[in-house]
Amino acid sequence: MMMTKRLAAGLMAAVLTLALAACSDGASSQAESEAEGLRTVDVCEVTHSVFYAPQYVAMNQGFFEEEGLELELTVGQGADKVMAAVLSGSVDIGLAGPEAAIYVYNEGRADHSLVFAQLTQRDGSFLVGREPDEDFQWEDLRGSHLLPGRKGGVPYMTLEYVVKQNGLTPGEDLLFDDSVDFSLMASAFTAGTGDYVTIFEPTATAMEMEGKGYILASVGEAGGEVPFTAYFTSKSLIAQDPELIQSFTNAIYRGQRWVEEHTAREVAEQLLPYFADTDIEVLTRVVQNYKDIDAWAHTPVMSAPGFEKLQDIMQEAGQLKEEDRVAYDDLITTQFADVAVAAQS
């Protein structure tokens, strides 16, 4: 399957911009890290969200430093832009939906990306409406105007999957309005666009606490387990520097274990340095929301059944043809995750 036109255009346009941004933002911190004997690892995350709590906990607890690493984070604002940064070499590692890796693989690129660690195992978005409704049913979306995110992205496709599972057809029974940019969805909704919107945390809870919207359902809870967010890098980097990827994965797994073993309040306290503008009570509530739906993967190992379900969702959404499904072993490597888990068991 050819990459979607929107994704291809996004990749092409984002490469130069992200390369320049990553270089300029990371120069001073890289010098400081080298002086401290740490290696700077440039990581581009698709967005800055509590949904990636194990990563921030690993940073705050010093797990990366103990592995000889220091993370330099940039935000891609879209899986296509994250992938562009990885493919251009402007960052070492990307954190986004694995669908981006599937699209690129099907383009036939020799040095395509490989997914090496899973971070989340459910969709992290919440359906937000304009009025509270304790008895909300997905059928209530019939005839509505919904802001679902970027078409072709996992959040959009998982939501579409959930809606179809509940007997509704996007475009017929309700409007899936993907004209609003991912980063502008919350502001567009509060300004009056749409009847419903899917929003990640902590924005969803903040909107609810401010009376600007109300969480009605978890898309992840309704959609079930799927490898929603994962780390990937180029084949060439894995071949050239497997020690880097192993050290990174070790730290991520320690972060996953820490989050699983501690309370929502304790996790929230670890997140404060990375969400300074968010109240501790909001962070605690957000973390509990994610714990309640079992959002975080318990290990960085991505399973073959999970990967196949992701492709099922993509195929159902019309973003992947049957003949273009990618074999698990061609795109997923668990060698680093397996070692991390075995060493910490």
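The values are calculated or read from the model by the stated rules, or taken from the named source; none is laboratory data. Everything numeric in this text was worked out from a predicted model, so none of it was measured. Quick reminder, even Gly has a Cβ in these numbers, built from the backbone with ideal geometry, and neighbours come from all protein chains shown.
Scanning the range 102-135 for residues that are under 19 Å from PHE200 (Cα atoms), in contact with a Gly (Cβ under 8 Å, 6 or more places away or on another chain) and not β-branched (Val, Ile, Thr) turns up GLN118, GLN121, ARG122, ASP123, GLY124, SER125, GLY129, ARG130.
Checking each residue in the range 334-345 for being among the polar types (S, T, N, Q) and at pLDDT below 95 picks out GLN344, SER345.
Taken together, the residues in the range 134-145 that are surrounded by fewer than 21 Cβ atoms within 10 Å (Cβ to Cβ) and either under 18 Å from the mean Cα position of the chain (by Cα) or hydrophobic (A, V, I, L, M, F, W, C) (or both) amount to 2. Only residues that are in contact (Cβ under 8 Å) with a residue 12 or more places away in the chain and over 16 Å from the mean Cα position of the chain (by Cα) were counted across the range 225-244, and they come to 7. Among residues of the range 162-179 that are at pLDDT 95 or above, those with a beta-carbon under 7 Å from a residue that is among the hydroxyl-bearing types (Ser, Thr, Tyr) at least six positions away or on a different chain give the pairs LEU174/SER144.
Only helices (runs of 4 or more DSSP H) whose full extent lies in the range 70-182 are considered here, and the ones with at least 1 residues that are in contact with a Leu (Cβ under 9 Å, 6 or more places away or on another chain) and in the same structural domain as THR333 (by TED's automatic domain parsing) are 79-88, 99-105.
Each row is one residue, and each column tells you yes or no for (1) at pLDDT 95 or above; (2) more than 16 Å from the chain's Cα centre (by Cα); (3) farther than 28 Å from GLY255 by Cβ.
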{"residue": "VAL282", "(1), (2), (3)": "no, yes, no"}
{"residue": "GLN288", "(1), (2), (3)": "yes, yes, no"}
{"residue": "ALA295", "(1), (2), (3)": "yes, no, no"}
{"residue": "VAL301", "(1), (2), (3)": "yes, no, no"}
{"residue": "GLU308", "(1), (2), (3)": "yes, yes, no"}
{"residue": "GLY318", "(1), (2), (3)": "no, yes, yes"}
{"residue": "ILE332", "(1), (2), (3)": "yes, yes, no"}
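Restricting to the range 306-325, name every residue that is among the basic types (Lys, Arg) and touching a residue at least 40 places away in the same chain (Cβ under 8 Å). Of everything in the range 306-325, those that are among the basic types (Lys, Arg) and touching a residue at least 40 places away in the same chain (Cβ under 8 Å) turn out to be LYS309, LYS321. Screening MET209 with (1) aliphatic (A, V, I, L, M); (2) in contact (Cβ under 8 Å) with a residue 40 or more places away in the chain; (3) surrounded by 19 or more Cβ atoms within 10 Å (Cβ to Cβ) gives one miss only, at (3).
Note on the range 120-136: residues that are more than 17 Å from THR158 (Cα to Cα) and not charged (D, E, K, R) amount to 3. Checking each residue in the range 128-154 for being of a type outside the set (Gly, Ala, Ser), in contact with a helix residue (DSSP H, G or I) (Cβ under 9 Å, 6 or more places away or on another chain) and in contact (Cβ under 8 Å) with a residue 60 or more places away in the chain picks out VAL128, ARG130, PRO132, ASP133, TRP138, ARG150, LYS151, VAL154.
Take GLY194 and tell me if it is touching a residue at least 40 places away in the same chain (Cβ under 8 Å) and part of a loop (DSSP other than H, G, I, E, B). Taking the combined requirement at face value, the residue satisfies it.
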